[in-house]
Each structure stands twice: as C-alpha cells, then as structure tokens.
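Taking it in order: structure first as structure tokens, then the write-up.
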Amino acid sequence: MEQFLIDNADRYRNLVKAFKPTPAKKGGVETSAASPYITVCARIRPMLEDELAQGFPEGVIPRAQSSTADLHELRQKVRGPPVINSSDYTVDKLFDSNATTAQIYETVVQPLVPWAWAGGVATSFAYGQTGSGKTFTVSGLERHVAETLMDGSLEGERKVHLCIIELAGQTAFDLLNNRKQISILEDSFGNTQLAGAVEHHITTKASMTDLIETAAALRQTRATLKNDTSSRSHAICRIRIENPASSADDDGLLYLVDLAGSEAARDRAAHDASRMKEAREINTSLSVLKDCIRGRALLDADKGNTKTKKKAAAYVPFRQSTLTKTLKHLFDPASRRGGKTVVVACVNPCLADVGASKNTLRYAELLRVVVPKAAAPA
Ligand code: ADP
Ligand code: MG
C-alpha cells in the first residue's frame with residue numbers, strides 16, 4: 001500500500017494541483033461558531049523528515065484564509081491510472097503547519113485561564129491518531145498556561161493546585177507520584193474524587209513546568225518500556241484554582257487532556273483478550289466524549305428552552321466512561337458552573353495516514369455541528 005502511494009506520488013501531486021475546490025459544504029445547521037462554550041480547531045502538523053525522505057506527498061491541504069481543509073485519498077482503479085478522492089472539512093479555527101503552539105494558545109486556549117480563575121470549568125482536548133502531534137501540542141499549551149497563571153496578570157488571590165494523571169481503561173495512575181495507582185470515586189455528593197492523587201500547590205512558573213516535565217517523562221518512559229502505552233491511555237492535567245474567599249464548590253477547574261490515539265479505538269490487530277478490551281474501552285471513551293461534548297454544547301446554547309434542556313440532560317451520558325466521569329464537572333447538566341471546551345483535532349498530513357486523518361476531521365466536524373437552526377436561541 002505504502003509503495004503504491006510512493007510510486008504514484010507525482011501523479012498524485014498533479015491531480016491535487018489540478019483539483020478545483022467546490023465551496024465548503026454548508027448544511028442546514030447552525031454550528032458551534034455561534035457558541036461561546038465550544039471551539040473546535042484542527043492543527044495540521046508539518047511533514048516529518050522521515051515522511052519526506054520516504055517520498056510521501058501531503059494529503060491534507062488547508063485552504064488559504066479559511067477554516068476548511070481538503071483531504072485527498074489516492075484510489076486504485078480496476079482499469080486505468082489511480083484517481084484522487086477528495087473531501088473537505090470545516091472547523092472553527094484551522095491551524096496550518098506553520099502555526100506555532102503559541103498562536104494556538106493565544107487564539108483559543110488562553111481565554112480558558114481567566115474563565116477558570118473566576119471559578120469556571122474549562123477543558124482543552126487534543127484528539128488524533130498516534131503521531132499526529134497531540135503530546136507536542138498539549139505539552140506546549142501546558143507551559144503557556146503555567147506562564148499565564150504565574151505571571152501575576154490575573155486579579156484576585158488564588159491558590160493553584162496541580163495534579164496529572166493517566167487513565168488506562170478504568171485504571172488511573174498518578175503521574176506526579178511515581179505512577180501510583182489511584183481510584184476514581186464519586187462521593188455521596190456526586191462529586192468525582194481522584195482518590196489518592198497527590199495535588200501539588202504551585203507558587204512559581206518554574207515549579208509548575210518542572211512537574212509537567214516530570215509527568216511527561218514518566219509517560220514517555222513507560223511508552224518505550226511497554227509497547228507504547230501512552231498511545232493507549234489518556235493523560236489529564238488538572239489545575240484546580242482555589243479562591244480562599246469562597247467555598248470549595250466554587251473552585252475553578254482547568255483540564256488539559258492528551259487523549260489516547262484515536263486509531264487505538266479501532267485496533268484490528270488486537271487479538272488477545274486484554275488488548276481487545278482495551279480497544280473497546282478507548283472506543284467507548286472517545287465516542288461517549290463526543291456525545292457529552294455535543295450534549296453539553298446543545299444544553300448551553302439553548303438555555304431558555306426547558307424542553308430541550310431536559311432532552312439535553314439525557315444526552316450528556318458522562319457516566320458511561322471513566323474519562324467523562326473524571327471530567328464530570330465539565331459535563332454534568334446538574335453542575336452550576338459553566339463549562340468552556342476547546343478541542344484541537346491533530347492531523348498528520350502525510351498521504352500514508354490520510355485515512356486516519358479523515359476520521360479525525362470527521363470527528364471534529366461532528367463536535368462542531370450541534371445546534372439545529374430551528375432550535376437556535378434568538
Ligand atoms: P502524538 O502525541 O499524537 O502521538 P507527538 O506529539 O508525539 O504525537 O508527535 C509526533 C512527532 O511529530 C514528534 O516527533 C513531534 O515532535 C512531531 N511534531 C508534532 N507536531 C509538530 C509540530 N507542530 N511541529 C514540529 N514537529 C511536530
Ligand atoms: Mg502522545
């Protein structure tokens with residue numbers, strides 16, 4: 001398959017050059033562009049040296065001055081030369097391969113920080129297949145968040161607490177306590193507790209970035225030791241912002257989530273029972289996450305309409321996966337606090353991975369199209 005792509009690279013490039021984009025499709029739906037609660041972006045990473053060296057062309061091309069990307073697959077025909085099969089995807093914000101993590105931070109993630117500082121709940125997710133740039137993006141964003149939290153620009157006295165965990169199936173590990181196993185419990189008030197996770201009180205940017213790096217290194221070591229576990233687990237960095245003048249219920253929460261590789265959910269090579277169970281769990285967690293993000297966005301966009309509100313409440317099935325249970329504060333319709341969500345769909349543009357990129361962009365579009373026009377608030 002890969003050889004077929006390399007052999008036909010020149011033809012492919014010419015077909016892509018000759019491609020005439022049609023205007024981006026627009027359904028009869030209002031999108032989350034109208035919602036202050038969710039921003040769906042895509043980041044197309046640069047081609048890596050070894051991908052270029054092998055002769056692979058780029059298969060995902062952003063349109064200039066637009067938030068739409070074209071994706072071209074190369075298809076073998078029964079007769080005649082191969083053809084391209086093109087599709088386009090539109091998100092709220094599209095970052096091409098020249099975009100820096102600093103730009104992504106400033107454009108979409110930075111606003112989450114004062115929101116959480118004021119007692120809100122905010123989450124940034126990185127979604128995509130293994131190798132698409134999730135960890136690269138999240139670790140950069142974490143550093144920028146540390147800077148904003150600690151540079152003294154935010155008003156009011158707060159205490160910042162950091163905790164970083166890894167979720168593998170239904171098991172959680174504390175990445176700031178030598179990967180000690182912890183449990184995720186719901187207390188009698190319905191609050192999710194990360195029982196046993198150590199929270200670190202942060203007072204300087206340096207101490208925060210040190211902890212972030214410790215957690216990243218621990219995750220990376222495990223990855224090389226045990227056949228890339230990092231691609232099959234979610235990493236959750238939780239920043240709790242305590243206002244000493246207010247009750248604990250009003251703590252702000254900011255989560256930065258590096259999701260499991262989206263391809264792990266469809267691991268067809270998973271033959272042994274435990275790998276199969278793991279793939280099923282990742283599949284469930286990513287699909288429940290999609291339902292929860294959509295359900296919550298619908299709920300937020302339609303505040304006045306109680307009928308829809310009831311319906312939406314039924315459609316935020318956060319109890320159906322450990323990931324969404326852990327992020328209960330973001331999703332639970334009973335939660336008094338407003339939630340803000342940013343999703344960065346990470347895309348590897350290499351033609352060899354275009355199938356996975358297509359799934360990622362489709363997932364992003366599904367998150368974005370949330371409010372039917374008829375039900376949209378005036
Ligand atoms: P993932 O976490 O999705 O598996 P990584 O973040 O580990 O992917 O990225 C895969 C590789 O691509 C790494 O070598 C990383 O340094 C590189 N990479 C990812 N995004 C970028 C980028 N925007 N610019 C340069 N290199 C990148
Ligand atoms: Mg990673």
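Please go through segment 193-217 and give me each residue that is of a type in the set (Gly, Ala, Ser), touching a residue at least 24 places away in the same chain (Cβ under 8 Å) and part of a helix (DSSP H, G or I), ordered by number. It would help to see each step written out before you state the result.
Of segment 193-217, the ones of a type in the set (Gly, Ala, Ser) are 195-197, 206-207, 215-217.
With touching a residue at least 24 places away in the same chain (Cβ under 8 Å) added as a condition, the list becomes 197, 215-216.
Selection gives Ala215, Ala216.
What are the residues in segment 122-153 that are among the hydroxyl-bearing types (Ser, Thr, Tyr) and away from ligand 1 (no atom under 16 Å from the Cβ), if any?
Within segment 122-153, Thr123, Thr148, Ser153 meet the criteria.
Can you tell which of Asp88, Asp92, Asp70, Asp96 is among the acidic types (Asp, Glu), within 13 Å of ligand 1 (Cβ to nearest atom) and under 26 Å from Arg43 (Cα atoms)?
Asp96
State yes or no: is Thr101 at pLDDT 95 or above, within 16 Å of ligand 2 (Cβ to nearest atom) and farther than 23 Å from Thr324 by Cα?
Yes, satisfied.
Against the definition (assigned to a helix (DSSP H, G or I) and modelled with pLDDT under 85), how does Thr324 come out, yes or no? Steps first, answer last, please.
Numbers: assigned to a helix (DSSP H, G or I): yes; modelled with pLDDT under 85: no.
In short, no.
When the residues of segment 5-58 are narrowed to those that are of a type in the set (A, V, I, L, M, F, W, C) and modelled with pLDDT under 80, which ends up nearest to Asn359 (Cα to Cα)?
Within segment 5-58, the match that is nearest to Asn359 (Cα to Cα) is Ala24.
So which strands (runs of 3 or more DSSP E) are wholly in segment 82-184 and hold at least 1 residues that are of a type in the set (Ser, Thr, Tyr) and surrounded by 17 or more Cβ atoms within 10 Å (Cβ to Cβ)?
So the answer is 83-90, 121-127.
Residues of segment 47-81 being in contact with a Cys (Cβ under 7 Å, 6 or more places away or on another chain) and in a loop (DSSP other than H, G, I, E, B), which ones?
Met47, Phe56, Gly59
Counting only residues that are modelled with pLDDT of 95 or more, among the hydrophobic types (A, V, I, L, M, F, W, C) and over 13 Å from the mean Cα position of the chain (by Cα), which one in segment 118-153 is nearest to Asp96 (Cα to Cα)?
Filtering first and then ranking leaves Val145.
The values are calculated or read from the model by the stated rules, or taken from the named source; none is laboratory data. All values derive from a computational prediction rather than experimental measurement. Cβ atoms come from the backbone with ideal geometry, glycine included; neighbour counts cover every protein chain shown.
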